[in-house]
Amino acid sequence: MPEEINCTYNFKDNSEKAVERFVGIELYSSSLIKGIGGIYKHRFKDFIVKEITENGKILEIKEDSPPPTFSTIHKDRYTTFNLVKINKEPFEAIRDLSQALKIPAEKISYSGLKDKASISVQKVSIKGDFVEKLKKLKLRDYFFRNIYPTRKSVKLGSHWGNNFTIVIRNLDPSEENKKKIEQIIQILDTHGFPNYFGLQRFGTFRPNSHIIGRYLLEGRYEKAYHEFITTTYSTEDPQLQAIRDKLKNNDDLQTAYESFPKSLYYERKMVKYLIDHPDDYKGTFEILSQDLIKLLISAFQSYLFNKMISLRIHKGLSLLKGDTISILDDMNGHITKVKYIYGGRYDQYLEDAINLKRAVIVAPLVGYETNLEEFPIMKSFFETILKEEKIDSNIFRSELISNTDFKGSFRAIQVKPIGLNIIHIKDDELLPGKKKLKIEFSLPKGTYATMLLRELMKN
């Protein structure tokens with residue numbers, strides 16, 4: 001990286017742990033036990049994500065069947081299929097698909113976002129008849145399986161969760177470390193791990209979605225624009241840092257537009273808008289998709305949630321006892337609206353329900369209708385965070401929130417994996433003298449496999 005660049009944010013050794021602290025992921029629930037170390041995502045093949053449908057079916061990467069004909073008689077309106085992508089960003093995949101089919105991206109719907117550095121398979125729908133076009137479509141690093149017409153489209157959040165098969169490499173080959181692996185896997189299987197929002201929610205290389213989201217809610221559009229476009233992070237590619245830094249210092253929009261690679265679609269779009277509409281910083285965000293704006297706002301909510309969980313652990317309060325408890329539904333095990341505040345005559349029943357995995361302790365994802373009185377412990381933590389971060393509580397009355405779905409909800413503060421299993425511990429063929437661990441597990445939607453790995457590895 002050129003020496004003249006003085007990054008706005010410099011992370012020590014660009015370590016993942018330092019970046020995690022920046023987004024509120026600060027502590028472990030099993031801090032008394034040292035982690036196993038190692039590295040993951042050494043190759044994208046080491047991280048396989050398979051979506052689990054609402055009825056519990058795990059989508060398989062190679063499954064396929066001959067597609068039936070699109071039928072108006074059966075009131076078919078959408079083409080639904082399994083999208084297999086290899087090492088591709090979720091929004092990049094949508095753009096590539098829309099360009100290849102020459103349709104607006106808004107016609108494409110999906111239920112969840114999957115990691116880039118992985119092989120993933122998920123359900124996707126397109127409005128209209130695209131059965132034949134998808135059968136013939138050839139796109140590098142994409143495959144289209146199980147193509148069939150449907151009356152309804154895939155909806156955001158309509159899946160149950162995800163199944164993961166992950167390889168951790170560069171492990172100490174000692175017998176002691178093997179015992180530690182088995183010990184921590186047992187702890188994770190029994191007690192779970194803190195349900196932090198992972199780096200994917202904020203940006204792995206530019207972990208600033210929550211900062212942009214905050215500025216938008218505060219109506220500080222120029223600040224939001226510069227955070228999106230010109231702020232530099234030591235974890236980003238040095239060439240991109242140089243482009244951002246040059247724009248920050250000389251404000252040459254045309255040069256920046258020509259210098260940003262086409263893969264930075266949003267940056268180019270926003271800079272081009274500002275060339276055509278000088279000083280209209282609000283407009284640079286109005287031309288972005290509503291899905292992206294919602295993602296930025298939800299990242300701010302997620303940051304506050306992460307900070308509350310970290311503060312709770314720091315205060316020595318258990319993630320498995322007390323506070324506000326939600327009963328899980330019988331069919332899918334998802335959180336329901338049925339809540340109880342710990343500290344009354346139902347305490348023993350609530351503890352039993354938690355032990356039987358029929359209930360979880362929850363914390364708020366604060367929105368404009370959130371009643372913090374329903375979360376007495378977390379309310380005090382939330383108020384502390386607002387004070388420390390100099391955040392005005394009126395931020396949740398922003399028109400950007402009230403015009404969207406951000407009424408407020410709640411989320412489990414601890415999550416337990418399903419079917420956590422050691423597939424094998426073998427010699428690492430890529431790193432001689434080291435071992436590799438292969439594990440499999442499933443998690444409900446909205447939870448992050450990387451947070452389980454973080455608790456296991458503690459790098």
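Kindly list the number of the only condition in (1) farther than 25 Å from I185 by Cβ; (2) out of contact with any Ser or Thr (no Cβ under 6 Å at 6 or more places or on another chain) that fails for Y368.
(2)
What do you reckon, is K34 surrounded by fewer than 16 Cβ atoms within 10 Å (Cβ to Cβ) and either touching a residue at least 40 places away in the same chain (Cβ under 8 Å) or assigned to a loop (DSSP other than H, G, I, E, B) (or both)?
It is true that K34 is surrounded by fewer than 16 Cβ atoms within 10 Å (Cβ to Cβ) and either touching a residue at least 40 places away in the same chain (Cβ under 8 Å) or assigned to a loop (DSSP other than H, G, I, E, B) (or both).
Only one of these is without any contact (Cβ under 8 Å) to a residue 24 or more places away in the chain, surrounded by 19 or more Cβ atoms within 10 Å (Cβ to Cβ) and not β-branched (V, I, T): Y196, Y225, Y215. Name it.
Y215
One residue is enough: does the stretch 38-50 have a residue meeting the conditions among the hydroxyl-bearing types (S, T, Y), touching an Asp or Glu at 6+ places or on another chain (Cβ under 8 Å), farther than 30 Å from E132 by Cβ and at pLDDT below 90? Let's see the steps before the verdict.
Taking the stretch 38-50 and keeping what is among the hydroxyl-bearing types (S, T, Y), we get 40.
Still in the running and touching an Asp or Glu at 6+ places or on another chain (Cβ under 8 Å): 40.
Next cut, farther than 30 Å from E132 by Cβ only: 40.
Still in the running and at pLDDT below 90: none.
No; the residues of the stretch 38-50 include none that is among the hydroxyl-bearing types (S, T, Y), touching an Asp or Glu at 6+ places or on another chain (Cβ under 8 Å), farther than 30 Å from E132 by Cβ and at pLDDT below 90.
Where in the stretch 172-238 are the helices (runs of 4 or more DSSP H), entirely inside, with at least 3 residues that are assigned by TED's automatic domain parsing to the domain that holds D251? Give the derivation first.
On the way: elements: 175-191, 209-217, 221-229.
Filter on the stretch 172-238 gives 209-217, 221-229.
Does the stretch 273-304 hold any residues that are at negative phi, over 20 Å from the mean Cα position of the chain (by Cα) and surrounded by fewer than 17 Cβ atoms within 10 Å (Cβ to Cβ), and which are they?
Selection gives I275, D276, H277, P278, D280, K282, G283, E286, I287.
With K45, K50 as the choices, which residue is under 30 Å from V84 (Cβ atoms) and part of a helix (DSSP H, G or I)?
Result of the check over K45, K50: K45.
The rows are residues; the columns are (1) polar (S, T, N, Q); (2) farther than 20 Å from H159 by Cβ; (3) in contact with a helix residue (DSSP H, G or I) (Cβ under 7 Å, 6 or more places away or on another chain); (4) at pLDDT 95 or above.
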residue: F81; (1), (2), (3), (4): no, no, yes, yes
residue: E89; (1), (2), (3), (4): no, no, no, no
residue: A93; (1), (2), (3), (4): no, no, no, no
residue: S98; (1), (2), (3), (4): yes, yes, yes, yes
residue: E106; (1), (2), (3), (4): no, yes, no, no
residue: A117; (1), (2), (3), (4): no, yes, yes, no
residue: S120; (1), (2), (3), (4): yes, no, no, yes
residue: K123; (1), (2), (3), (4): no, no, no, yes
residue: I126; (1), (2), (3), (4): no, no, yes, yes
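With K123, K133 as the choices, which residue is closer than 30 Å to I73 by Cα and either more than 23 Å from the chain's Cα centre (by Cα) or among the acidic types (D, E) (or both)? Please lay out each step first, then the result.
On the way: K123 fails: either more than 23 Å from the chain's Cα centre (by Cα) or among the acidic types (D, E) (or both).
After applying the criteria, what remains is K133.
Can you tell me which residue within the stretch 377-431, out of those that are over 30 Å from I52 (Cβ atoms) and among the small types (G, A, S), is surrounded by the most Cβ atoms within 10 Å (Cβ to Cβ)?
Among them, the one singled out is S398.
Residues in the stretch 319-332: is at least one buried (at least 16 other Cβ atoms within 10 Å of the Cβ), among the hydroxyl-bearing types (S, T, Y) and outside the structural domain of A359 (by TED's automatic domain parsing)?
No: the stretch 319-332 contains no residue that is buried (at least 16 other Cβ atoms within 10 Å of the Cβ), among the hydroxyl-bearing types (S, T, Y) and outside the structural domain of A359 (by TED's automatic domain parsing).
Which of the residues spanning the stretch 69-106 are outside any helix (DSSP H, G or I) and of a type in the set (V, I, T)?
Kept after step one, since they are outside any helix (DSSP H, G or I), are these residues of the stretch 69-106: 69-89, 102-104.
Correct list: T69, T72, I73, T79, T80, V84, I86, I103.
Go through (1) over 30 Å from Y265 (Cα atoms); (2) in a strand (DSSP E or B) one by one and return the number of the condition E26 breaks.
Failed condition: (2).
Return yes or no: is S65 farther than 30 Å from L319 by Cβ, surrounded by fewer than 17 Cβ atoms within 10 Å (Cβ to Cβ) and without any contact (Cβ under 8 Å) to a residue 40 or more places away in the chain?
No; evaluated as a whole, the condition is false for this residue.
Please determine whether any residue of the stretch 12-22 is surrounded by 16 or more Cβ atoms within 10 Å (Cβ to Cβ), assigned to a loop (DSSP other than H, G, I, E, B) and not aromatic (F, W, Y).
No, because not a single residue in the stretch 12-22 is surrounded by 16 or more Cβ atoms within 10 Å (Cβ to Cβ), assigned to a loop (DSSP other than H, G, I, E, B) and not aromatic (F, W, Y).
Could you say whether any residue in the stretch 238-251 is more than 25 Å from I297 (Cα to Cα), crowded, with 18+ Cβ neighbours inside 10 Å and either among the polar types (S, T, N, Q) or touching a Leu at 6+ places or on another chain (Cβ under 8 Å) (or both)?
So far as the stretch 238-251 goes, yes, one or more of its residues are more than 25 Å from I297 (Cα to Cα), crowded, with 18+ Cβ neighbours inside 10 Å and either among the polar types (S, T, N, Q) or touching a Leu at 6+ places or on another chain (Cβ under 8 Å) (or both).
The values are calculated or read from the model by the stated rules, or taken from the named source; none is laboratory data. Just so we're clear, the structure is a prediction, and the values are computed from it rather than from any experiment. No Cβ is skipped: glycine too gets one built from the backbone with ideal geometry, and neighbour counts run over all protein chains shown.
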